Amino acid sequence: MAEDSQRNFRSVYYEKVGFRGVEEKKSLEILLKDDRLDIEKLCTFSQRFPLPSMYRILVWKVLLGIIPPHHESHTLVMKYRTEQYRDVYHALQVIRFIKDSTPQVEVFLCMHQLESGRLPRNLAFPLEPEDEVFLAIAKAMEEVVEDNIDCYWLVSSFVNQLNNKYKDSLPQLPKVLEQYLNVEDNRLLAHLKACSAVSKLPYDLWFKKCFAGCLPESSLQRVWDKVISGSCKILVFVALEILLTFKMKIMALTNAEKIIQFLENIPQNNTDAIVSKAIDLWHKHCGMPVHLV
């Protein structure tokens, strides 16, 4: 009992002096020491807390299935992933789809298209909407992940997760956003409806691109922690908090096009606070994931 009290006091103290993540980091390190990583516990941790930057890439790779839960297999599997990356890269060079000067995100797109059987007949073909989504996510991921091979597999696997696991959920998010906005601020919702802006909100930017190109990467990766670990619903609450944060600005605009233009280019100076408040809203409405055991 005394030990629990001391632990709780220490956690409160850490939070007050700005070291909220100290205890969480220790908990994650314990999870990562297991010979076989517990996917469910890693998901629960990622839902409850932001991942420490030093472990984020490893956890993402495990949760997205790029590497298996067994520690001893990580090196061998990444060796195979590296060989596969180089083989696909070389094949694209041979058929002259890429060259040394091709931007890295475009290389990633061509690789993804080839591996998924969607490579166009020639480079003159216009990009499909799903390719625009891939490029947006790749550009953001490139800012977070230094290694090109890790970056490609993370982008490709993340996009596959969105297209498969969340295929049925993502189209429902605009309606879910409207429902929660009605609860949190029905006056703001009424204004958006009066301006005929509700159906024109930047849903593709928010939900299909998962805020890539909207939020800076420092804020974005905290949102992606939640999506990758199993909740696309966090995207609704980030959009909701953006609307609530900029309520006064939005209420002053009476033209749908101007509202959308503003929302597509929100100020970047307080996005960390927006994401923190969004996570609080998410926990408020959806509950906190069960505690790690």
* Is it the case that region 113-134 has a residue that's over 30 Å from Glu241 (Cβ atoms), touching a residue at least 60 places away in the same chain (Cβ under 8 Å) and either open to solvent by less than 90 Å² (accessible area, probe 1.4 Å) or out of contact with any strand residue (DSSP E or B) (no Cβ under 9 Å at 6 or more places or on another chain) (or both)? -> no
* Structure fact -> Those residues of region 181-197 which are within 26 Å of Tyr166 (Cα to Cα) and surrounded by fewer than 16 Cβ atoms within 10 Å (Cβ to Cβ) amount to Asn182, Val183
* Asked: Between a first residue in region 178-191 that is within 19 Å of Pro202 (Cβ to Cβ) and a second residue that is assigned to a helix (DSSP H, G or I) and open to solvent by 60 Å² or more (accessible area, probe 1.4 Å), which pairs have beta carbons less than 6 Å apart while being 6 or more apart in sequence or on different chains?
  -> Leu189/Asn182
* To do: Restricting attention to region 162-213, report how many residues are of a type in the set (A, V, I, L, M, F, W, C) and not in a helix (DSSP H, G or I).
  => 6
* Asked: Among Thr82, Thr75, which is the only one that is farther than 20 Å from Leu162 by Cα, surrounded by fewer than 16 Cβ atoms within 10 Å (Cβ to Cβ) and in contact (Cβ under 8 Å) with a residue 40 or more places away in the chain?
  -> Thr82
* Every pair of residues 6+ apart whose Cβ atoms lie under 6 Å, when the first sits in region 203-221 and is over 17 Å from Ser156 (Cα atoms) and in contact (Cβ under 8 Å) with a residue 40 or more places away in the chain while the second is assigned to a helix (DSSP H, G or I) and open to solvent by 10 Å² or more (accessible area, probe 1.4 Å) -> Gly213/Ala136; Cys214/Leu205; Glu217/Glu143; Glu217/Val144; Ser219/Asp272
* Asked: Within region 268-288, can one find any residue that is open to solvent by 80 Å² or more (accessible area, probe 1.4 Å), over 27 Å from Ser196 (Cα atoms), of a type outside the set (S, T, N, Q) and without any contact (Cβ under 8 Å) to a residue 24 or more places away in the chain?
  -> yes
* Asked: Yes or no: Ile242 in contact with a Pro (Cβ under 9 Å, 6 or more places away or on another chain), in a helix (DSSP H, G or I), surrounded by 14 or more Cβ atoms within 10 Å (Cβ to Cβ) and touching a residue at least 24 places away in the same chain (Cβ under 8 Å)?
  -> no
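The values are calculated or read from the model by the stated rules, or taken from the named source; none is laboratory data. This structure is a prediction, so every number in the text was calculated from the model and none was measured. Cβ coordinates were reconstructed from backbone atoms using ideal geometry, including for glycine residues, and neighbour counts include every protein chain displayed. Each accessible area value is taken on the protein alone, full model and side chains, heavy atoms only, with ligands, DNA and RNA left out. Shrake-Rupley method; radii C 1.70, N 1.55, O 1.52, S 1.80 Å.
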